[in-house]
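Accompanying notes for the structure given below.
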Amino acid sequence: MQLRSLSDLTDKTLVLYFYPRDDTPGCTLQATDFSEMVGRFSRARARVVGVSPDDCFGHQAFRDKHGLKIMLLSDVDGEACTSYGVLREKERNGVRRVGIVRSTFVIDRDRIVRYAHYGVSPGGHARDMLAFVKSLQAK
């Protein structure tokens, strides 16, 4: 485990996705899809990074359990989640609470946000993001 900053990761196009919690069905689907395509993202000169409020030990267990090949960052204090505006009030079973809205940002090497999507559906999302990253390179 290492201490990393998002600003350390801009040597490539960055696909930065925020997800609510390790090892839940939607979060696992999204992480495994990105992991299966990590080589394609790398060939497109992009890096995929997932961020959640889980701690580093939770991330390690999640990575080990599912053989994840992507970088996971821990945002236990919510600083990155707040900066990207992904903390929102949610209601589930009549109970309101603040939680992470599944969201993705594509940031180019000049640190310009080229894509932002809040309320992402995990199925097929990795494929869509790869297509978007490739479209940036065609320009």
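Within segment 104-131, which residues are crowded, with 18+ Cβ neighbours inside 10 Å and closer than 16 Å to ASP33 by Cα?
THR104, VAL120, PRO122, HIS125, ALA126, MET129, LEU130
Does PHE34 satisfy the criteria of being of a type in the set (A, V, I, L, M, F, W, C), modelled with pLDDT of 95 or more and within 19 Å of LEU14 (Cβ to Cβ)?
yes
Can you tell me which residue is farthest from the chain's Cα centre (by Cα) among those in segment 121-139 that are free of Cβ contacts under 8 Å to residues at least 40 places away in the same chain and part of a loop (DSSP other than H, G, I, E, B)?
LYS139
Based on what the data block shows, is THR82 in contact (Cβ under 8 Å) with a residue 60 or more places away in the chain and among the hydroxyl-bearing types (Ser, Thr, Tyr)?
No, not satisfied.
Just a yes or no: is a residue in segment 60-75 surrounded by fewer than 20 Cβ atoms within 10 Å (Cβ to Cβ), under 30 Å from ALA138 (Cα atoms), basic (Lys, Arg) and without any contact (Cβ under 8 Å) to a residue 60 or more places away in the chain?
yes
Being over 14 Å from the mean Cα position of the chain (by Cα) and of a type in the set (S, T, N, Q) is the filter here, so list the residues in segment 64-82 that pass it.
THR82, the sole residue that qualifies.
Scan segment 68-88 and give yes if some residue there is under 18 Å from LEU9 (Cβ atoms), in contact with a Leu (Cβ under 9 Å, 6 or more places away or on another chain) and of a type in the set (D, E, K, R), otherwise no.
So far as segment 68-88 goes, no, none of its residues is under 18 Å from LEU9 (Cβ atoms), in contact with a Leu (Cβ under 9 Å, 6 or more places away or on another chain) and of a type in the set (D, E, K, R).
Mind listing whichever residues of segment 102-118 are at pLDDT 95 or above and in a loop (DSSP other than H, G, I, E, B)?
Once the filter is applied, which keeps residues that are at pLDDT 95 or above and in a loop (DSSP other than H, G, I, E, B), segment 102-118 yields only ARG102.
The values are calculated or read from the model by the stated rules, or taken from the named source; none is laboratory data. Owing to the predicted nature of the structure, the values given are computational and were not obtained by experimental measurement. Glycine gets a Cβ as well: all are built from the backbone with ideal geometry, and neighbour counts include every protein chain shown.
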